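Here's the structure, in structure tokens; my notes come after.
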Amino acid sequence: MQKTAEKTFPVTRSDAEWRQRLTPEQYHVMRGHGTERPGSCALNYEKRHGSFTCAGCDQPLFISGTKFESGTGWPSFNDPVPGSVETTTDRSHFMVRTEVHCATCGSHLGHVFEDGPPPTHLRYCINGVAMNFTPDE
């Protein structure tokens, strides 16, 4: 995967620390820029009110009010928590897409597309294994 300029993030860990903290699937997606199988994560079906956080560093990423059913098989949101995610150009797989990564630890989360619902018209298509969910009390 071609990346734009390398950046240092507030949360950094060695490869060994990432492998210890994350499951093998999370490591593949978040540190290896992989993709989980569509429809394979329970967070795709999560309907409760709450927040979705980065599985790598616990940074709040999205709130449930921005989640919508996109029919893609991955959790989709139309607006992240301000300052929680950053984007880079992804030129893998013979296409150009916009990759979404955590602004705190740099972990790959998914991609953003311009085919979402109003008001942003954006669809943050996020791998469920890259997030944890905390319901509101």
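Between residues in region 61-72 that are within 22 Å of G106 (Cα to Cα) and in contact (Cβ under 8 Å) with a residue 24 or more places away in the chain and residues that are of a type in the set (V, I, T) and buried (at least 19 other Cβ atoms within 10 Å of the Cβ), which pairs lie under 7 Å by C-beta distance while being six or more apart or on different chains?
Partner pairs satisfying both residue conditions: L61/T53; L61/V85.
Can you name every residue in region 78-98 that is within 24 Å of T12 (Cβ to Cβ), modelled with pLDDT of 95 or more and among the charged types (D, E, K, R)?
Matches in region 78-98: E86 only.
Name the residues in region 8-62 that are surrounded by 14 or more Cβ atoms within 10 Å (Cβ to Cβ) and among the aromatic types (F, W, Y), would you?
Selection gives F9, W18, Y27, F52, F62.
Applying the selection to region 18-49, what residues are charged (D, E, K, R) and under 21 Å from V85 (Cβ atoms)?
Matches in region 18-49: R21, E25, R31, E36, E46.
Kindly indicate whether any position in region 52-73 is assigned to a loop (DSSP other than H, G, I, E, B) and touching a Pro at 6+ places or on another chain (Cβ under 7 Å).
Within region 52-73, one or more residues are assigned to a loop (DSSP other than H, G, I, E, B) and touching a Pro at 6+ places or on another chain (Cβ under 7 Å).
For the list (1) within 15 Å of N132 (Cα to Cα); (2) surrounded by 19 or more Cβ atoms within 10 Å (Cβ to Cβ), I need the number of the one condition that N78 fails.
Just one mismatch for N78, condition (1).
Just checking, which of V85, V96, V100, V112 is out of contact with any helix residue (DSSP H, G or I) (no Cβ under 9 Å at 6 or more places or on another chain), β-branched (V, I, T) and surrounded by fewer than 14 Cβ atoms within 10 Å (Cβ to Cβ)?
Result: V96 is the single residue among V85, V96, V100, V112 that is out of contact with any helix residue (DSSP H, G or I) (no Cβ under 9 Å at 6 or more places or on another chain), β-branched (V, I, T) and surrounded by fewer than 14 Cβ atoms within 10 Å (Cβ to Cβ).
What are the residues in region 94-117 that are part of a loop (DSSP other than H, G, I, E, B) and under 15 Å from E36 (Cβ atoms), if any?
S107
Select from region 16-50 the residues that are of a type outside the set (G, A, S), over 15 Å from T72 (Cα atoms) and touching a strand residue (DSSP E or B) at 6+ places or on another chain (Cβ under 9 Å) and list them in ascending order.
V29, M30, R31, H33, K47, R48, H49
Among the residues of region 12-31, count how many are modelled with pLDDT under 95 and within 16 Å of the chain's Cα centre (by Cα).
Summing the residues that are modelled with pLDDT under 95 and within 16 Å of the chain's Cα centre (by Cα) in region 12-31 gives 0.
Consider region 82-93. How many of its residues are in a loop (DSSP other than H, G, I, E, B), more than 12 Å from the chain's Cα centre (by Cα) and at negative phi?
Residues that pass the stated criteria total 3.
Look through region 127-137, keep the residues that are under 15 Å from C57 (Cβ atoms) and part of a strand (DSSP E or B), and return whichever of them is farthest from the chain's Cα centre (by Cα).
The selected residue is T134.
So is T23 under 25 Å from T134 (Cβ atoms), in contact with a helix residue (DSSP H, G or I) (Cβ under 9 Å, 6 or more places away or on another chain), touching a residue at least 60 places away in the same chain (Cβ under 8 Å) and among the polar types (S, T, N, Q) or not?
yes
The values are calculated or read from the model by the stated rules, or taken from the named source; none is laboratory data. Just so it is clear, the structure is predicted and the values come from calculations on it, not from any experiment. Heads up, the Cβs are rebuilt from the backbone with ideal geometry, glycines too, and the neighbour counts pull from every protein chain shown.
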